[in-house]
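K.L.:
Mind having a look at this structure? Questions to follow.
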């Protein structure tokens, strides 16, 4: 039924392992117990976090956003078996390998526009990613185009429909890009244009709130 899984990544909250399940190449994401928490509390929190991530993946796909296919959720073991996306590289790596002032660079505008549309689709369906960065979006490059996008790592996701939640989600992406990409401001403008093109009037309210979130962020930075 399944092969032995080989760990490929270990983070603060979960481990990722590669293997096969029902003849398919999969990623196994498992949240290990936290020794500093009471066992019963830890079990309840971990199960809920696993359940929330699985729910977000299902809702994201229903909203028209490509995410890894969900194969199995094992709440007792706090584990999720999901698609191991073939040939995908992170948007972070894709952007960084593009040479300035080349034909390839023109693809970035379309790429960021599409990312903005996808984020808008998530928000319109009440999915808040919680950790939007260019490292948590995969792209499968194709000749003549940037290819397909796939949003990953919904480990901090939750469902919400408030303007504040949506604005904070965008702010997380903005800060991550500013610390990673030299062309962040130009790329962010394209992303927000894509968001606006899909959300219309609703996006204007989110952008107003985003300005307030930015102001709070600057104030915290000044205070120290």
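K.L.:
Could you tell me the relative contact order of the chain? Use alpha-carbon pairs under 8 Å, at least six residues apart, and round to a whole percent.
P.N.:
It rounds to 18 percent for the chain.
K.L.:
In addition: When a/c reaches 1.5 or more, the comparison of a/b and b/c decides; with that in mind, is region 1-93 rounded, prolate or oblate per its Cα gyration tensor?
P.N.:
In terms of gyration-tensor shape, prolate.
K.L.:
Roughly what would the spin-label model give for residue 96 and residue 51, points 7 Å off Cα along C-beta, in nm?
P.N.:
3.8 nm
K.L.:
Still on this structure, I have one more. So what is the orientation-averaged projected area of the chain, using the convex hull of its C-alpha atoms, in nm²?
P.N.:
Approximately 14.3 nm², given one-decimal rounding.
K.L.:
Given R₀ = 41 Å, what would the calculated FRET efficiency be for residue 105 paired with residue 76, taking r from the Cβ atoms and rounding to 0.05?
P.N.:
Plugging the Cβ-Cβ distance into 1/(1 + (r/R0)^6) gives 0.25.
K.L.:
Given the rule -39500 (n - 2.57) for each run of at least 4 DSSP H residues, summed and divided by the residues of the chain, what is its mean residue ellipticity at 222 nm, to the nearest 500 deg cm²/dmol?
P.N.:
-16000 deg cm²/dmol
K.L.:
Applying a 10 Å radius around every beta-carbon, put 52-60, 198-206 in order of their mean neighbour count, most first.
P.N.:
52-60, 198-206
K.L.:
Using only alpha carbon pairs under 8 Å that are at least six residues apart, calculate the relative contact order of region 6-83 and give it in whole percent.
P.N.:
Reported as a whole number, the value is 27 percent.
K.L.:
Next up: In whole percent, what relative contact order does region 40-114 give with Cα contacts below 8 Å and a gap of six or more residues?
P.N.:
In percent, rounded to a whole number, it is 20.
K.L.:
Compute the length gained on full extension between residue 182 and residue 43: take 0.36 nm times their separation in residues and subtract their Cα-Cα distance, giving the result in nm to one decimal.
P.N.:
Working it through step by step, the gained length comes to 45.8 nm.
Coordinate-derived values only; no laboratory data. Computed from a predicted model, the values in this text were never measured in an experiment. Quick reminder, even Gly has a Cβ in these numbers, built from the backbone with ideal geometry, and neighbours come from all protein chains shown.
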